[in-house]
Amino acid sequence: MMFSQASCFWEERLRNQKTKADKIVTMSKVCPEMEEQRVCVAVVEPISADVSFASNHFPSYKLGPDDQIVDEPEEDEKAPSVKDVVDKETGDLSDQHKRLSVRDLACKFDKNLAAAVKLVDEAKLNEVTSLDGHVMLKKLRDALESMRSRMDGRNREAVEKVISMVEALAVKLTQNEGELIQEKFEVKKLASFLKQASEDAKKLVNQEKSFACAEIESARALVMKLGGAFEEQELCSKASRSQGPNVEMLVEEVQEARRIRRMHQPTKVMGMQHELHDIKSQIQEKSAYSVKLQREIAIIKRAEGSKSCPYVLDGAQSLGSCLRIRASSDSASDISTCSIQWYRAASESSRREAISGANGSVYAPEPFDVSRVIQADILSNGQKFTVTTDGPINTASGLQSRVESLLRKSNSEFTVIISQMNGQDHASRSHVFTVGKTRIKLSRGWITKARDIYSTSMQLCGVRGNANVPAKALFWQPRKGLTFLLTFESEQERNAAIVLSRKYAYDCNVTLVGPDD
């Protein structure tokens, strides 16, 4: 039966479509040029209104080899204007101002708090009901006790049974009352928690609202400022377009007039400028000649003094090198038997400053010695000799850029080896020397040897005593009673660590110097 109904349905549908096609063919005889279009309309099923298309026009394409469709490249859309971007940002800020989810959270907390208060009220009612039940059970038990005293036989047993049931009911009521008290305690605790959360949420809502309002106001002011600037720019561009050719011609004429005036009528100011330029060049030449003469005089004096001094100073006079005192004649005493003291001074003629602890024949200049002259007094057999560098200590190449790159980091790490600890030789593996903005740390893995903030008790300088590699070694006293002698991987790393530590310590109002400086 189902099959016959389906066949009737499809026969009826085919008959209707045939009737429609006959009508369209009849109409096409009246209008032949529309025949092909009408036949297509009759055959194709009507399209649902729910269908969405990517575009509202027929796609454009080309036929390639073997009748393959080749899509034409779409033209690049123009970028949105600045005004559209500003309008979009303004709309986003408005939506953000309206969208405060914390306020909804506060409302939920308030609803939960109301529900908790309602539960507390219900618990109070249940408590009153429970108290009434206890009173009624007591009265009933007293009445049954009085009845039992007057009964005998089966009636007495029945009354006793009822009394036991009443007592069981009382016990159960007591248990229920205990559970009710526990639930009441939990509900009160939940109510207090929800009340506190509601207050916190309200505070957070007000805070976020104030922040959002401030941001929206600043954004609105910025948009107004940009809008004014855009309008002014448009007006200027319109004015420049309208007066562009005239202004350009006027500027060209003025420039040409100035050029002609400079060529044929030189001004007094230009003459003075030429004179100043000549005077400057002469002063530079004379200053260079004066510096050259001073250097020659210093060399001559040093040569005269070296004739009488049996010791000389070897080593490059720059940061990262070592200065060594050696005997220049056979008559000189062994340098190891002499008493030595190193000094630093702004110049050879200025007052000297003794370098505490620098009593050896070798001294490695540190960043504090840059642009200063280094001298050493040698006491041998009751005679005192002085050796001096040819000029001030020069800075090391690449040190400034290295320090600037390290300053961009919050903490700078250097690989070091502990050579001495508290004045005793200490054989160790590599450690990490971390220089931070507020403290310095020496560690290896999870083990920390020392970690102290910048303070007046902290000392840091280049090694001034005996060391295997003085130019790579550093003396560090984190606090009183604890000292380290650290050896870095290179001279540049050691000098960068000293400069960086003193810079951060100075920011903390602390001056990092050596012992007794």
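Taking 0.36 nm per intervening residue step and subtracting the Cα-Cα distance, what contour gain separates R261 from R326 on full extension? It would help to have the intermediate numbers written out before the result.
Working: separation 65, 0.36 × 65 = 23.40 nm, distance 7.04 nm.
Taking 0.36 nm per residue and subtracting the Cα distance, the gain is 16.4 nm.
Estimate the FRET efficiency between E413 and V513 by the formula 1/(1 + (r/R0)^6), using the beta-carbon distance for r and 35 Å for R0, to the nearest 0.05.
Values: r = 24 Å, r/R0 = 0.68.
Calculated value: 0.90.
Just to verify a number: what accessible area does K139 come out at with the full protein assembly present, 1.4 Å probe, Å² rounded to tens?
Here the accessible area works out near 140 Å².
Using a 7 Å offset from the Cα along the Cα-to-Cβ direction at both E208 and M421, what is the distance between the two label points in nm, to one decimal?
With each label point 7 Å from Cα toward Cβ, the separation is 5.3 nm.
Find out how many positive minus negative residues lie around L399, taking Lys and Arg as positive, Asp and Glu as negative, among other residues whose Cβ is under 11 Å from that of L399. Before the final figure, lay out the partial values.
Values: positive: R402, R494; negative: E404, E491, E493.
Cβ neighbours under 11 Å give a net charge of -1.
Please give the peptides 361-371, 271-281 ranked by average Cβ packing (other Cβ atoms within 10 Å per residue), highest first, as a rough proxy for protection. Provide the component values of the computation, followed by the final result.
Numbers: 361-371: 21.3, 271-281: 10.2.
Result, highest mean Cβ count within 10 Å first: 361-371, 271-281.
In nm, to one decimal, how far is the modelled label at R150 from the one at D95, with both set 7 Å along Cα→Cβ?
In this crude label model, R150 to D95 measures out at 8.5 nm.
Can you compute the label reach from K503? Point 7 Å from Cα along the Cβ direction, backbone N cut-off under 12 Å, restricted to the range 392-416.
399-412
Kindly rank 316-324, 163-171, 451-459 from highest to lowest mean number of other beta carbons found within 10 Å of each residue. Intermediate values should be presented prior to the final figure.
Working: 316-324: 17.7, 163-171: 13.1, 451-459: 15.4.
Per-residue Cβ counts within 10 Å, averaged per peptide and sorted highest first, yield 316-324, 451-459, 163-171.
Mind jotting down the distance between the C-alpha centroids of the range 356-388 and the range 153-211, whole Å?
89 Å
Quick one: if you stick a label point 7 Å off each Cα along the C-beta vector at Q175 and E231, how many nm between them?
Rounded to a tenth, the inter-label distance reads 8.3 nm.
Ignoring ligands, DNA and RNA, what accessible area per residue does the range 168-252 give at 1.4 Å, in Å²?
On the way: 6680 Å² over 85 residues.
Result: 79 Å² of accessible area for each residue.
S347 to L250: extension gain in nm, 0.36 nm per residue of separation minus the Cα-Cα distance?
On the way: separation 97, 0.36 × 97 = 34.92 nm, distance 6.10 nm.
Separation in residues times 0.36 nm, less the Cα-Cα distance, equals 28.8 nm.
For the range 330-453, how many pairs of lysine residues have a Cα-Cα distance under 23 Å, where the two are 8 or more positions apart or belong to different chains? Don't jump to the answer; show the numbers that get you there.
Details: K409/K437; K409/K441; K409/K449; K437/K449; K441/K449.
Number of lysine pairs found: 5.
The values are calculated or read from the model by the stated rules, or taken from the named source; none is laboratory data. All values derive from a computational prediction rather than experimental measurement. Using ideal geometry, Cβ is built from the backbone for each residue, glycine included, and neighbour counts are taken over all protein chains shown. Calculation scope for accessible area: heavy atoms of the full protein, side chains included, ligands and nucleic acids excluded. Shrake-Rupley method; radii C 1.70, N 1.55, O 1.52, S 1.80 Å.
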